[in-house]
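Some notes on the structure that comes next.
Derivation of every value follows stated rules applied to the coordinates shown; laboratory data play no part. Since the structure is predicted, the reported quantities are computational estimates derived from the model, not experimental observations.
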Amino acid sequence: MFGKEDMKDEKDIKLKIFETALEIYSENPTKFSVRTVAKELKLKREEVYIHFSSKNAILRYFYQLCFEEYIKQTNEMDGYSKFSLEEKLGHLVYTHIELFQKEKEFVESSFNEIIYRANPNNLFQKSLEEQIEKILNESDGDASILPTKYLSTFLVKELFHIFKFWIKDDSEKSEQTIELIDKIIAFVGEILSNQIISKGIDLGRTLWDQNYSRIGSKNIKFLFKTLVSRCA
């Protein structure tokens, strides 16, 4: 495939190792191993392990490459900074699905094992969490006042559920996945962009400060039902 003289930098080496691994894995997953990759590239196994800790880490590199391409596309977009929370989340989800589509058979056979069930400290998951945390911190409404680190971890897990749904979606042009994504993003945006949580907290503080607890449980229930009916 290539000699050591062709390995100009770490990025090139990792990419060539991955491309070779993907070719072997796609032809016959049972024959895929660090040994077979190293043999194909005329390398020692130890040289492969310098760049990847395991054979799954090699395959997982595909997902990190997709994330890096998403970042590249994001940086090249005009007006991205003016996008709403929903638009930024939608761009993240749909861009990854579009990139996954290019190697869908590989994604179908690998996602569950090397991403969904993987150690959450893998680079792909951490990169997504950091990006979503950044999106939340830059957004208006409740998104920026909530503990974004924990919220981003939760949202990435939900994102993985969406990817699993997309993998199994046999509807025309993944229409069911698109419908699911749009509804989830709209719901998240409604909750985090419109200060529903912060207004609820303010209401609770007001009731406490005004000592409304003295009005009795029956009247509290009546007040709650009234508020709900007015908001419905």
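Projecting the alpha carbon convex hull of the stretch 62-194 along each direction and taking the average yields 7.7 nm². In terms of distances greater than 18 angstrom between alpha carbons, the cross-link table entries Lys134/Lys183; Lys104/Lys183; Lys88/Lys183; Lys14/Lys44 yield Lys134/Lys183; Lys104/Lys183.
The alpha-carbon of Lys157 sits under 16 angstrom from the alpha-carbons of these aspartates and glutamates, leaving out residues fewer than 8 places away in its chain: Glu113, Glu129, Glu130, Glu133.
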